[in-house]
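Structure first, then comments.
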Amino acid sequence: MIKLLSLIFLILLLIVGKKRGFKTFITFYLSIFLIMMYLTFMKTGLNAIFLAIIICLLATLVTLFILNGSNVKTKSSFISIVFVLLLVTIITVFIGNSANIQGFSLESIESIGYYSHDINYDMTNVIIGMYLICTIGTIIDTSISISSAMYEVHENNPQLNKKELFVSGMNVGKDILSTTINTLYFALISSFIGFFMWFYSVSFDFLSVSKSFDQNIIQLLLSFIASIMIIPITSYISSIMIMKNKK
Amino acid sequence: MKKYLTLKNILIFVISLTIILFVYNDYFLYKTPILKINNIETTVEGYGSYNEKYYNQKITGVIKNGNLKGKIITVNNVTSTSGVNDEQIHKRSELFIKQSNNNIYSIIGVKRDKYIAILAVLFIDLIILVSGIQGVKTLLSLFVNIIISALAIFVFQSNADRLNLLLLYIFVSMIFIITSLFITNGNKTKTYSAIISSIVSLLVSFGLSYLIINIHGRDVTIWTMDYIEYVRDYENYFYVCILLSGLGAIMDISITISSSLNELIDKNFKITKKALLKSGREISKDIIGTMSNVMLYTCFTPIVPLAFLAIKNNMPLMRAINYYGEIELIIVLCSCISIVLAIPISLYISTYILKKYKKEVVK
């Protein structure tokens, strides 16, 4: 089934995107490979948060430089993404450690029943790492859209100064933000439908103690926050780098 | 610095702080008794395999709500180094507890609402600061979408014998498309063309996915999906997930294309259809790559904890990915297919509608 769907995805990409479409396909499968690498290296006992940051940086490199090549747009995006990644890591580590989000919830106990729980690996870090990798896709998307648009604005109006360029970046960001939030909401909503159906079939007060629901909602909010934070940071860094590039 | 000390920003700050303080003290909202911890004594209980340590935490605290309010009690909690299915309680956590016998209490969960409140407030403040009135519109559309989602589930649950889950959600997705695009973009020609493009793209791409899955034969095990055993119409639940996951991305693409074509026509009203299509194609090539990555990272990564537990229990990596990731990967691939299909569909529909119905802007 996956092979068939991949094939159709590839054919459609080639028709619609031609060479760019093929690059997209390569990036897509490299990203899956990165997530598999993440699992493999975690098994050796390395710290999950540290690994997640490495994987996020690799994912950024792969997506930016394969899809868009090496230029001032991708470079300024990359620097912005590093900053946002650090900020998101700080928030996620704080929330992850305070809110006891580690491990699995009562509802999913059936699916983990046959495994030994003695794995000697801190599950809190696994969840924090997962949150970080989840957000990286949207960070990259927003960042490259803003820096590309700013570059276009600069090309067409070379007389704009740094501050005006920053403002135009922020305006592009505002336009993208509402659709990004929408995309993320719908990408994650299906897990909520199942949750609410479960919720109707058990007693009402259970909402207060469902770990799985809390985990999902924290993931959604973290992705939202990351996709907002990238806007001013990319606008600022791109405005500096594009102006520097001109000289 | 003075620029940021406006009345609006001070107001936002004060309201945010009030909300967080409220959630930190909202014990009276819950029926389940909540324990505020005063003291934790941790002792090593024993050792499992692979150097796993088990601890016993003796937790003393005071109950904050209900008819047991003010009572000081002690509960026990068994925890481990990994915490696969247990939690190491900190002094600042608050616990939901249950009274089983006269004086024996047990923990049923941790109170996490304050952390969710911190994140939610941070999200709302950031979106208002960065995006202003547009941000408020985004929040409104998000809020309306949440209400519609809740209503749809309510309608289904109360008429589960008569309703088909899939048909209900196809109908609901159209409402989603209309409300979200209207709220964020207003009553303009480009909104209408985006709505029509989204609906057509959604139906075509979902039809294609449905066809492929049925032609290939449904050999996927849907039982690894969360909560599947609680969904009444579980056969269709899988399709509903496919339908909804790509919905946001489809709307994203159609409004992006419709807005940029709209800009082009505004700048040069006499632009030909052919030139519009050409510029539209250039714009859309930039979107596909990063959009499909958003879907992949957002929807596929959540398999990590389960797959990790499985490979730690010596399941081979590929088998773990196949077992826990198959459904997610199918959903992601179907959404990616709808992203790619949405591009030509939106291009042609937007070009047609905008060229036909848009009036020239008088400069």
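Among the residues examined, residue A:8 does not qualify as closer than 17 Å to residue B:319 by Cα, outside the structural domain of residue A:91 (by TED's automatic domain parsing) and not polar (S, T, N, Q). Applying the condition of being within 7 Å of chain B (Cβ to nearest Cβ) and outside any loop (DSSP other than H, G, I, E, B) to region A:95-106 and asking which residue is modelled with the highest pLDDT yields A:95. Candidates in region B:107-138 are the residues that are surrounded by fewer than 19 Cβ atoms within 10 Å (Cβ to Cβ) and under 27 Å from residue A:121 (Cβ atoms); of these, the one that is modelled with the lowest pLDDT is B:108. Within region B:298-309, does at least one residue satisfy the condition of being under 29 Å from the mean Cα position of the chain (by Cα), open to solvent by less than 10 Å² (accessible area, probe 1.4 Å) and farther than 30 Å from residue B:49 by Cβ? Yes, because at least one residue in region B:298-309 is under 29 Å from the mean Cα position of the chain (by Cα), open to solvent by less than 10 Å² (accessible area, probe 1.4 Å) and farther than 30 Å from residue B:49 by Cβ. Which ones in region A:135-165 are within 13 Å of chain B (Cβ to nearest Cβ), out of contact with any Phe, Trp or Tyr (no Cβ under 6 Å at 6 or more places or on another chain) and hydrophobic (A, V, I, L, M, F, W, C)? Selection gives A:139, A:140, A:144, A:146, A:149, A:153. Scanning region B:63-74 for residues that are in a strand (DSSP E or B) and open to solvent by less than 30 Å² (accessible area, probe 1.4 Å) turns up B:63, B:73. The residue list B:321, B:250 contains one member that is at the interface with chain A (Cβ under 10 Å from one of its Cβ atoms) and in contact with a Leu (Cβ under 7 Å, 6 or more places away or on another chain), which is B:250.
Condition check: more than 11 Å from chain A (Cβ to nearest Cβ) and out of contact with any Asp or Glu (no Cβ under 7 Å at 6 or more places or on another chain). Does residue B:270 satisfy that? Against the criterion (more than 11 Å from chain A (Cβ to nearest Cβ) and out of contact with any Asp or Glu (no Cβ under 7 Å at 6 or more places or on another chain)), residue B:270 qualifies. Residue B:274 fulfils the conditions (1) within 29 Å of the chain's Cα centre (by Cα); (2) without any contact (Cβ under 8 Å) to a residue 12 or more places away in the chain except for a single criterion, (1). From the list A:52, A:59, the one residue that fits, being assigned to a helix (DSSP H, G or I), open to solvent by less than 40 Å² (accessible area, probe 1.4 Å), small (Gly, Ala, Ser) and more than 30 Å from residue B:342 (Cα to Cα), is A:52.
Please go through region B:223-244 and give me each residue that is outside any loop (DSSP other than H, G, I, E, B), modelled with pLDDT of 70 or more and open to solvent by less than 40 Å² (accessible area, probe 1.4 Å), ordered by number. Scanning region B:223-244 gives B:228, B:236, B:237, B:238, B:239, B:240, B:241, B:242, B:243, B:244. For region A:209-240, a residue qualifies if it is polar (S, T, N, Q) and without any contact (Cβ under 8 Å) to a residue 40 or more places away in the chain, and exactly one does: A:216. Report yes if residue A:46 is assigned to a loop (DSSP other than H, G, I, E, B), more than 15 Å from the chain's Cα centre (by Cα) and exposed (fewer than 15 other Cβ atoms within 10 Å of the Cβ), otherwise no. Against the criterion (assigned to a loop (DSSP other than H, G, I, E, B), more than 15 Å from the chain's Cα centre (by Cα) and exposed (fewer than 15 other Cβ atoms within 10 Å of the Cβ)), residue A:46 qualifies.
For region A:115-134, filtered to residues that are within 10 Å of the chain's Cα centre (by Cα) and more than 7 Å from chain B (Cβ to nearest Cβ), the residue that is farthest from residue B:282 (Cα to Cα) is A:131.
So which of B:117, B:150, B:160 is within 11 Å of chain A (Cβ to nearest Cβ), within 22 Å of residue B:65 (Cβ to Cβ) and out of contact with any strand residue (DSSP E or B) (no Cβ under 7 Å at 6 or more places or on another chain)? Just a single option satisfies the conditions, and that option is B:117.
Every residue, every condition in (1) within 24 Å of residue B:355 (Cα to Cα); (2) crowded, with 18+ Cβ neighbours inside 10 Å, yes or no:
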position	(1), (2)
B:148	no, no
B:156	no, yes
B:162	no, no
B:189	yes, no
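When you look at residue A:147, is it hydroxyl-bearing (Ser, Thr, Tyr) and at pLDDT 90 or above, yes or no? Yes.
To keep it simple, each residue is scored yes or no on (1) more than 13 Å from chain A (Cβ to nearest Cβ); (2) hydroxyl-bearing (Ser, Thr, Tyr); (3) out of contact with any Gly (no Cβ under 7 Å at 6 or more places or on another chain); (4) exposed (fewer than 13 other Cβ atoms within 10 Å of the Cβ).
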| residue | (1), (2), (3), (4) |
| --- | --- |
| B:30 | no, yes, yes, no |
| B:36 | yes, no, no, no |
| B:52 | no, no, yes, no |
| B:60 | yes, yes, yes, no |
| B:76 | yes, no, yes, yes |
| B:79 | no, yes, yes, no |
| B:85 | no, no, no, no |
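The values are calculated or read from the model by the stated rules, or taken from the named source; none is laboratory data. Quick caveat: nothing in here was measured; it's all calculated off a predicted structure. Backbone-built Cβ (ideal geometry, glycine too); neighbour counts: all protein chains shown. Heavy atoms of the whole protein, side chains included, go into the accessibility calculation; ligands, DNA and RNA do not. Shrake-Rupley method; radii C 1.70, N 1.55, O 1.52, S 1.80 Å.
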